[in-house]
Structure formats: C-alpha cells, structure tokens
1. Is there any pair linking a residue in region 1-27 that is touching a residue at least 24 places away in the same chain (Cβ under 8 Å) to one that is polar (S, T, N, Q) and surrounded by 12 or more Cβ atoms within 10 Å (Cβ to Cβ), with Cβ under 6 Å and at least six apart or on different chains, and which?
2. Across region 15-29, which residue is surrounded by the fewest Cβ atoms within 10 Å (Cβ to Cβ) among those that are out of contact with any Phe, Trp or Tyr (no Cβ under 8 Å at 6 or more places or on another chain) and of a type outside the set (S, T, N, Q)?
3. With the requirement that a residue be under 13 Å from the mean Cα position of the chain (by Cα) and over 17 Å from K57 (Cβ atoms), what does region 7-24 give you?
4. With the requirement that a residue be within 26 Å of T6 (Cα to Cα) and either surrounded by 10 or more Cβ atoms within 10 Å (Cβ to Cβ) or of a type in the set (G, A, S) (or both), what does region 30-55 give you?
Amino acid sequence: MPKQKTRRGAAKRFKLTGSGKLRRNKANHRHMLIRRSNSVKRKMRNAGLVDGSDSKKVRRMLCV
C-alpha cells in the first residue's frame, strides 16, 4: 500500500491540540475591519475549535 498524502491546504489551516481536538482560525478577519468593533476583532484573533460534525472530514484530510 502506498503512503497516504496529507492535503497541504488543510495542514496549513488546522492543528491538533494536546487533547486531540482540532484547532482552526476564525473567519472574516482579512478586510473591512474598520466598521467592526474592537471586541469583535479581538474575539476573531483567538483560535476556535472545529465542530464535531466536521472533525471527521478534517481528520481524513490530515491523515490523522
């Protein structure tokens, strides 16, 4: 059997936490930030977790 290849785009977007959960960055933090409040921009800086319904797909992309 050949080795499984990791999807490189997914590898750059998702990381595994120590407990095995998947970490992701929040969306909508690239442009049009003037009209957003500071609290919203600050919350977008923090990483979120991948939803449980999507984690199986992401794990398959990462070959985990």
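1. Taking only residues 6 or more apart or on different chains, the pairs are L22/S55.
2. To start, the set of residues in region 15-29 that are out of contact with any Phe, Trp or Tyr (no Cβ under 8 Å at 6 or more places or on another chain) comprises 15-21, 25-29.
If we keep only those that are of a type outside the set (S, T, N, Q) as well, we get 15-16, 18, 20-21, 26-27, 29.
Details: K15: 13, L16: 13, G18: 5, G20: 9, K21: 12, K26: 12, A27: 8, H29: 14.
The qualifying residue surrounded by the fewest Cβ atoms within 10 Å (Cβ to Cβ) is G18.
3. T17
4. Matches in region 30-55: A47, G48, L49, V50, D51, G52, S53, D54, S55.
Every number in this text was worked out from the coordinates using simple rules, so none of it is lab data. Everything numeric here is computed off the predicted structure, so don't read it as measured data. Cβ coordinates were reconstructed from backbone atoms using ideal geometry, including for glycine residues, and neighbour counts include every protein chain displayed.
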